[in-house]
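Structure record follows, encoded as structure tokens.
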Amino acid sequence: DAVVARLGRAGGFLDDPVVRIPLPGGLDQVRSGLVAAGLGPLIADLETRMNRAAEAAVPEARTLFLDAIGSLTIEDARGILEGPDDSATRYFEGRMRPELATRMAPIVDAELRQAGALQAFDAFVAQYAALPLMPDIRGSLGTHVVDRALGGLFHYVALEERAIRRDPARRTTELLRTVFGGG
């Protein structure tokens, strides 16, 4: 809940330098050159729209987390409890990533389409392609956003898990106190 609340709001990705979604296809590495070539406003607009799409799609994760928790076996629970600080994160990611990507993709695509990001990307690509010696940038903008959104989501899940394991004050539910000890 904490991670979904953090990322699934306005600014959740856009305002967070750790998980902010950059330009696709390595374009972020040539950002300064693109800005110098006059593409700065298009870059800023495109990045804002991509991050807003991720913020809209992240709440889909909540239901899948609950489903994954409900399907825990005794062996899964033991592995999580006795494993490293990111055992639960690995479990959730392994169980959820493909289905979550499938659920997030249409939301991201709709958000990108509605926000005009696909048109902004096409305009950006047209201007970018006119620059000399620039590499080809093909691929799906939606796939890029979903992949980066999932990376950000599981990054913060791992941080939350580590905090819960190490700090008894972070064990805010009866279940967490039972599993990891009171606090």
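We did not get these values from a lab; they are worked out from the coordinates using the rules stated. These figures come from a predicted structure and were not determined experimentally. Because the Cβ atoms are built from the backbone with ideal geometry, glycine has one as well, and the counts that use them run over all protein chains shown.
Legend: calculated FRET efficiency, Val179 to Val18, from the Cβ-Cβ distance at R0 = 45 Å, rounded to 0.05, equals 0.95. Determine, at each q value in 0.15, 0.16, 0.21 (inverse angstroms), the log₁₀ of I(q)/I(0) that the Debye formula gives when each Cα of region 1-110 is one equal point scatterer. Result of the Debye calculation: -0.76, -0.83, -1.13. As a calculated quantity, the FRET efficiency between Ser32 and Arg166 at R0 = 35 Å, using C-beta atoms, amounts to about 0.35.
Treating each Cα of region 46-85 as one equal point scatterer and applying the Debye formula with no solvent, the log10 of I(q)/I(0) at q = 0.22, 0.33 Å⁻¹ comes out as -0.74, -0.99. The calculated FRET efficiency for Leu81 paired with Gln114, based on their beta-carbon distance and R0 = 41 Å, is about 0.40.
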